[in-house]
Amino acid sequence: MFVMSAMVSAYAIEPDSLLIAGNSYRNPSFNKEDCTCEGKRLYGKVKVVSSGADFKVQVVDTWQDLDVKVVTEWADSCGEWKFVDENTSWYDFSIEYVSSYPDFKVKFVNTWAGTK
């Protein structure tokens, strides 16, 4: 009974999170129709960080949420990412690579970027 009330209390404090075996699993709003997650568009300049990212991303070969095409020029369509230097302050969103509990899953492709 105590464990259940502790879980309910933790959930009430952080409604967007669920604590599972000591790990935080976020359940952001991933919108395939407008290519956004938590209201941020999933294309543009991307910064890779080791902690404190906007999104936790898992790279997979199948069952992806988003096909990502890495570009060097204009990243202006869904799933097109231009990676920027870790020291830059000009980026659209940041990601952290994880092996479990991602906000969404990506597959890197050479053509046809976008949601699945």
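Can you put Glu38, Glu73, Glu86, Glu80 in order of Cβ neighbours within 10 angstrom, beginning with the fewest?
Listed from fewest to most nearby Cβ atoms, that is Glu73, Glu86, Glu38, Glu80.
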Expected unfolding gain across Glu38-Thr88 under the 0.36 nm per residue rule, minus the alpha-carbon gap, is 15.7 nm
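Please arrange Tyr101, Tyr43, Tyr91 by counting, for each residue, the other beta carbons lying within 10 Å of its beta carbon, fewest first.
Tyr101, Tyr91, Tyr43
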Long-range amide H partners of Ser94, meaning residues 5 or more apart or on another chain whose placed amide H is closer than 5 Å, are Lys47, Asp54, Phe55
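Express in nm, to one decimal, how much length is gained between Ser29 and Val109 on full extension, taking 0.36 nm for each residue of separation and deducting their alpha carbon distance.
Values: separation 80, 0.36 × 80 = 28.80 nm, distance 2.35 nm.
Gain on stretching Ser29 to Val109: 26.4 nm.
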Could you work out, for the stretch 29-115, what percent of all Cα-Cα pairs fall into each 10 Å distance bin, beginning at 0 Å and stopping at the bin that holds the largest distance? 19, 57, 24, 0
Interchain or sequence-distant (5+) residues whose placed amide H lies within less than 5 Å of the amide H of Phe30 are Glu38
Hey, what do the phi angles of the stretch 31-45 turn into as Karplus ³J(HN,Hα) couplings, whole Hz, using 6.51/-1.76/1.60 and θ = phi - 60°, x for Gly and Pro? 10, 5, 5, 10, 6, 9, 9, 6, x, 9, 5, 9, 8, x, 7
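Rule-based calculations on the coordinates, nothing more; no lab input. Just so you know, these numbers come straight off a predicted model, no measurement behind them. Neighbour counts are summed over all protein chains in view; Cβ atoms, including those assigned to glycine, are modelled from backbone coordinates with ideal geometry.
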